[in-house]
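This report concerns only the one structure given below.
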Amino acid sequence: MAVTFLILPLSVAAAGKGGKPDLSKLPLPVARPVDFTKEVYPLLKESCFKCHGAEKQKGKYRMDTREGAFKVTDDYGPAIKPAHSEESAVIHMVCGLIDEMLMPPPSDKPGQSEKLTAEQVGILRAWIDQGAVWPEGPIQEFVKPVTFEADMKPLFTSACGACHTGSAAKGSFAIDDAAAVIKGGANYPKVVVPGDPKKSSLLTIIAGKDEDLPAPEKHKLAPKQIELVEQWIRQGAK
Ligand code: HEC
Ligand code: HEC
């Protein structure tokens, strides 16, 4: 009988790129229907959006939108594979089954980056196994109302006010009230289409991407501010 020496590393839990994660280590899915809006989204918001949300997309992964969350990663397969939590990279990662890819990444500051509990992983797994239902569009419960008076006015006044107020407004585009902003200017009428960010040229302008404007860089806002203007438009530009 041939003697075979098997060299078994003591810890076989973690797999590197392309390696197979050890699925026996996964906490079981919870045995009940899971509500995406009440249970899953808040969990992801708390643990993941800080690095995978509107502001930062670490690893080029954005999780707070449906389009982003279901990304097929370059190295680890689909982030979320509906009906197959055991083949979903996010599940492998939150359980530390992939080398150097524990999510959220460990932090030495207490309370900063807590590892998900077995219960939380179970909720995520059950949601994925139950079809990973993620409703179209923004999740209403988590959208804070954005209004002209409270949000847009201070923003436009400080960023645009020097050149765009009253009768001396450049290009006859004034930021004095919501109606004036929606109306647009002499060459750019209707820069805002309430409810329809895609048709609102104001977003191209404040992204600094309209090369026809003089000084496009004077028109460029920060990503967070652009997001806010986009939300204002999406919510009806009131
Ligand atoms: C403190 C920041 C931080 C938090 C919080 C965080 N991540 Fe990450 N995440 C990263 C970084 C950094 C990378 C890129 C790592 C790399 O490629 O080496 C990454 C990469 C990923 C990837 C791979 C994306 C790809 O296409 O390769 C997935 C999936 C992921 N994270 C899921 C999550 C999930 C799920 C959560 C919440 C449970 C989470 N992350 C929380 C920082 C974070
Ligand atoms: C330093 C001055 C300056 C600042 C600051 C500035 N703009 Fe302008 N803007 C201009 C000038 C100059 C024009 C061109 C006007 C013309 O064509 O006569 C213009 C044109 C525009 C137009 C097109 C108007 C039209 O129909 O011709 C829009 C819309 C606009 N700006 C929006 C903004 C917004 C929003 C901000 C703030 C994020 C902003 N601008 C900040 C100087 C400025």
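Residue by residue, here is whether (1) more than 16 Å from ligand 1 (Cβ to nearest atom); (2) touching a Ser or Thr at 6+ places or on another chain (Cβ under 7 Å); (3) more than 30 Å from Arg66 (Cα to Cα) holds:
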{"position": "Trp127", "(1), (2), (3)": "no, no, no"}
{"position": "Thr147", "(1), (2), (3)": "yes, no, no"}
{"position": "Ala168", "(1), (2), (3)": "yes, no, yes"}
{"position": "Lys183", "(1), (2), (3)": "yes, no, yes"}
{"position": "Pro189", "(1), (2), (3)": "yes, no, yes"}
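Name the residues in region 24-34 that are at pLDDT below 95 and surrounded by 13 or more Cβ atoms within 10 Å (Cβ to Cβ), would you?
Across region 24-34, the qualifying residues are Lys25, Leu26.
Please return the ranges of helices (runs of 4 or more DSSP H) entirely within region 45-131 where 1 or more residues are touching a helix residue (DSSP H, G or I) at 6+ places or on another chain (Cβ under 7 Å) and surrounded by 14 or more Cβ atoms within 10 Å (Cβ to Cβ).
Here the list reads 49-52, 89-94, 118-129.
Which of the residues belonging to region 115-142 are at pLDDT 95 or above and polar (S, T, N, Q)?
Once the filter is applied, which keeps residues that are at pLDDT 95 or above and polar (S, T, N, Q), region 115-142 yields Thr117, Gln120, Gln130.
Just to be sure I understand the filter: pairs with C-beta atoms under 8 Å, separated by 6 or more residues or on different chains, first member in region 93-107 and under 16 Å from Gln120 (Cβ atoms), second member of a type in the set (Asp, Glu) and more than 7 Å from ligand 1 (Cβ to nearest atom). Which pairs pass?
Going by the 8 Å Cβ cut-off, the qualifying pairs are Leu97/Asp22; Pro104/Glu114.
Does Ser167 fit the bill of being assigned by TED's automatic domain parsing to the domain that holds Lys218, surrounded by 18 or more Cβ atoms within 10 Å (Cβ to Cβ) and more than 10 Å from ligand 2 (Cβ to nearest atom)? Spell out the reasoning first.
Working: assigned by TED's automatic domain parsing to the domain that holds Lys218: yes; surrounded by 18 or more Cβ atoms within 10 Å (Cβ to Cβ): no; more than 10 Å from ligand 2 (Cβ to nearest atom): yes.
So Ser167 fails the test.
Would region 209-225 turn up any residue that is touching a helix residue (DSSP H, G or I) at 6+ places or on another chain (Cβ under 9 Å), of a type in the set (A, V, I, L, M) and either assigned to a helix (DSSP H, G or I) or exposed (fewer than 12 other Cβ atoms within 10 Å of the Cβ) (or both)?
Looking through region 209-225, none of the residues is touching a helix residue (DSSP H, G or I) at 6+ places or on another chain (Cβ under 9 Å), of a type in the set (A, V, I, L, M) and either assigned to a helix (DSSP H, G or I) or exposed (fewer than 12 other Cβ atoms within 10 Å of the Cβ) (or both).
Looking at (1) crowded, with 17+ Cβ neighbours inside 10 Å; (2) in a helix (DSSP H, G or I); (3) within 27 Å of the chain's Cα centre (by Cα), which is the one condition that is false for Val181?
Condition not satisfied by Val181: (3).
Run down Pro106, Pro197 and say which single residue is modelled with pLDDT under 95 and either within 13 Å of ligand 2 (Cβ to nearest atom) or assigned by TED's automatic domain parsing to the domain that holds Arg62 (or both).
Pro106
Got a number for residues in region 207-238 being among the hydrophobic types (A, V, I, L, M, F, W, C) and touching a residue at least 40 places away in the same chain (Cβ under 8 Å)? Working first, answer last.
Going residue by residue through region 207-238, those that are among the hydrophobic types (A, V, I, L, M, F, W, C) are 207, 213, 215, 221-222, 226, 228-229, 232-233, 237.
Adding the requirement that they be touching a residue at least 40 places away in the same chain (Cβ under 8 Å) leaves 221, 228-229, 232-233, 237.
Selection size over region 207-238: 6.
The values are calculated or read from the model by the stated rules, or taken from the named source; none is laboratory data. Being a predicted model, the structure only gives us computed values, none of them experimental. Using ideal geometry, Cβ is built from the backbone for each residue, glycine included, and neighbour counts are taken over all protein chains shown.
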